[in-house]
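The values are calculated or read from the model by the stated rules, or taken from the named source; none is laboratory data. All of these numbers come straight from a predicted model, not from anything done at the bench. Methodologically, a virtual Cβ is constructed for each residue, glycine included, from the backbone with ideal geometry; neighbour enumeration extends over all protein chains shown. Ligands, DNA and RNA are stripped out before the accessible areas are found, and what is left, the full protein with its side chains, is counted by its heavy atoms. Shrake-Rupley method; radii C 1.70, N 1.55, O 1.52, S 1.80 Å.
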Amino acid sequence: HTGKTLALGYHFQSLWPAAAVEIHTSRGEEALNGTNIRLKCTFSTFSPIGPQLTVTWNFRPEDKGSDESVFFYQGQPYPLLTGRFKDRVTWDGNIHKNDASIVIWNLKPTDNGTFTCQVKNPPDVSGTIGEIRLSVVQSVRFSEIHYLAVAIGSACALMIILVIVVVLCRYYRRKRQEKSTEMSTEEMAAVSLEAKD
């Protein structure tokens, strides 16, 4: 009976799909040199979240150098004690909300590259690795949305100026008409007085 039970258990285990952690990231980010950025990484797991869950962030430089450690979490954050990201990375996630995000402070051009986020939650230890390609720029480049916003803003400003010009023109025209009407009335009164004399 024991052999049959083991065989049956093995059979059901082979039918059950292997659990895996799914990672979700923004894929690509652009930030200004000297600023801070939040690298968002969320995950989904089939197993209950426990103390064995780990979050590992690594960095691959743009020049295709070897991967470097950025951050590690297991029960609590473990910031780096050495390396380029020492004292520049803080934990900004919440594993109970399936959030494994971090914040990188004081960005530098040397931070150009790919950041990877990996979450393991035993027995869910396999799965995808999230990647975020970071581009650190010296000045913010205008996107199509920015150009559209500038165009709409310029059009609105032009319309306001036109309305003000039209209102002022009408105001001065009315004043001129009132003045000319007053002058005509005065002239008619003067002519009437002369006729009486």
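Of these, S126, S69, which one is in the same structural domain as F43 (by the TED database) and closer than 11 Å to W57 by Cβ?
Result of the check over S126, S69: S69.
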Quick one: is I95 under 15 Å from E29 (Cβ atoms), modelled with pLDDT of 90 or more and assigned by the TED database to the domain that holds N58? no
Where a residue in region 120-134 is in contact (Cβ under 8 Å) with a residue 12 or more places away in the chain and within 14 Å of D99 (Cα to Cα) and its partner, wherever it lies, is in a strand (DSSP E or B) and open to solvent by 80 Å² or more (accessible area, probe 1.4 Å), with Cβ under 9 Å and at least six apart: G130/H24; G130/R27
Filtered residue count, region 69-106, keeping only those that are farther than 18 Å from E131 by Cα and either among the hydrophobic types (A, V, I, L, M, F, W, C) or over 22 Å from the mean Cα position of the chain (by Cα) (or both): 16
For region 23-75, list the strands (runs of 3 or more DSSP E) that sit wholly inside it and hold at least 2 residues that are more than 19 Å from N94 (Cβ to Cβ); which are they? 27-32, 54-61, 68-73
Identify the residue in region 107-129 that is open to solvent by 20 Å² or more (accessible area, probe 1.4 Å) and in a loop (DSSP other than H, G, I, E, B) and, among all such residues, is farthest from A31 (Cα to Cα). P123
As an exercise: evaluate Y78 against (1) without any contact (Cβ under 8 Å) to a residue 12 or more places away in the chain; (2) not in a strand (DSSP E or B) and give the number of the one condition it does not meet. (2)
Given (1) without any contact (Cβ under 8 Å) to a residue 24 or more places away in the chain; (2) touching a strand residue (DSSP E or B) at 6+ places or on another chain (Cβ under 9 Å), identify the lone condition not met by V103. (1)
